[in-house]
Amino acid sequence: MQARGPLMIEHRLIERMLSVIKDVAAKIELEQKADPAFVDMAVDFMRIYADRTHHGKEEDILFRSLKNKPLSSGDRQSMNDLIADHAFGRQVTRALVEANKRYRSGDEKALADIMLRLQTLVKFYPGHIEKEDKIFFPASRAYFSDEEDQAMLAEFREFDRKMIHEKYESVVETLESCRPV
């Protein structure tokens, strides 16, 4: 398997989650109420899986490996655009968190913000994924030898192996910080 393989497999799971988010956003719009627990789960998925795990491999491994390669100006611009896309996804997710907090506190106007942020994620990510799968990943493969590609794949696996520990260490730290004294 090439290093881009796991990234593309992860895209399929992100697409499945986006489909769920799309359906829930339509239900929110129809019923004019949201389930804050669902929003929390969607945020957790976007932050931990899509951003930290998936974008983490892209930014911390693939893009880092490409920084010192003689990329064409178009490929370098594509990489910079993808990095900006990741930042945009984080910004939308942060805004979703804030809207959900406001909604939980009784701010009914926050419902519109929740819907907007969910819909933004659903509209934004398919184009981003297509740019990576169909344009950037195939182009970037040309900059690596087979040995470099396999080394990157091994680094992806090690990154994934550590993620579960990072996730649940964070959960425990959060719970420790808010437990009764």
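The values are calculated or read from the model by the stated rules, or taken from the named source; none is laboratory data. Here the structure is a predicted model, which is why all the values come from computation and not from measurement. Quick reminder, even Gly has a Cβ in these numbers, built from the backbone with ideal geometry, and neighbours come from all protein chains shown.
For the stretch 71-106, a tally of residues being part of a helix (DSSP H, G or I) and over 27 Å from ASP44 (Cβ atoms) returns 8.
A search for C-beta distances below 8 Å between a residue of the stretch 24-42 that is acidic (Asp, Glu) and any residue that is in a helix (DSSP H, G or I), counting only pairs 6+ apart in sequence or on different chains, returns GLU29/MET115; ASP35/VAL24; ASP40/ASN100. Has the stretch 54-74 got at least one residue that is crowded, with 16+ Cβ neighbours inside 10 Å, of a type in the set (Gly, Ala, Ser) and under 18 Å from LYS123 (Cβ atoms)? For the stretch 54-74, residues crowded, with 16+ Cβ neighbours inside 10 Å, of a type in the set (Gly, Ala, Ser) and under 18 Å from LYS123 (Cβ atoms): absent. Under the condition of being at pLDDT 95 or above and either of a type in the set (Asp, Glu) or at positive phi (or both), the residues counted in the stretch 86-121 number 4.
For the criterion of being assigned to a helix (DSSP H, G or I), more than 20 Å from ILE14 (Cα to Cα) and basic (Lys, Arg), ARG117 fails. Within the stretch 134-181, can you find the residues that are in a helix (DSSP H, G or I) and of a type in the set (Phe, Trp, Tyr)? PHE136, PHE137, PHE156, PHE159, TYR168, listed by residue number. One residue stands out in the stretch 134-165 among those that are in contact (Cβ under 8 Å) with a residue 12 or more places away in the chain and of a type in the set (Asp, Glu): the one that is farthest from VAL97 (Cα to Cα), namely GLU148.
Residues in the stretch 53-85 that are of a type in the set (D, E, K, R) and modelled with pLDDT under 95: LYS67 alone.
Among residues of the stretch 122-133 that are closer than 11 Å to SER19 by Cα, those with a Cβ under 6 angstrom from a residue that is among the β-branched types (Val, Ile, Thr) and surrounded by 13 or more Cβ atoms within 10 Å (Cβ to Cβ), sequence gap 6+ or separate chain, pair up as VAL122/ILE21. Quick one: how many residues across the stretch 1-38 are part of a helix (DSSP H, G or I), over 15 Å from the mean Cα position of the chain (by Cα) and surrounded by 17 or more Cβ atoms within 10 Å (Cβ to Cβ)? Residues meeting the conditions: 5.
When the test is whether a residue is within 26 Å of SER19 (Cβ to Cβ), exposed (fewer than 12 other Cβ atoms within 10 Å of the Cβ) and among the aliphatic types (A, V, I, L, M), ALA84 passes it. Filter the stretch 103-113 down to residues that are closer than 25 Å to TYR49 by Cβ, surrounded by 15 or more Cβ atoms within 10 Å (Cβ to Cβ) and not small (Gly, Ala, Ser) and give me whichever is nearest to the chain's Cα centre (by Cα). Taking the candidates together, the pick is ASP113. Within the stretch 136-156, the set of residues being charged (D, E, K, R) and surrounded by 11 or more Cβ atoms within 10 Å (Cβ to Cβ) comprises ARG141, GLU148, ASP149, GLU155.
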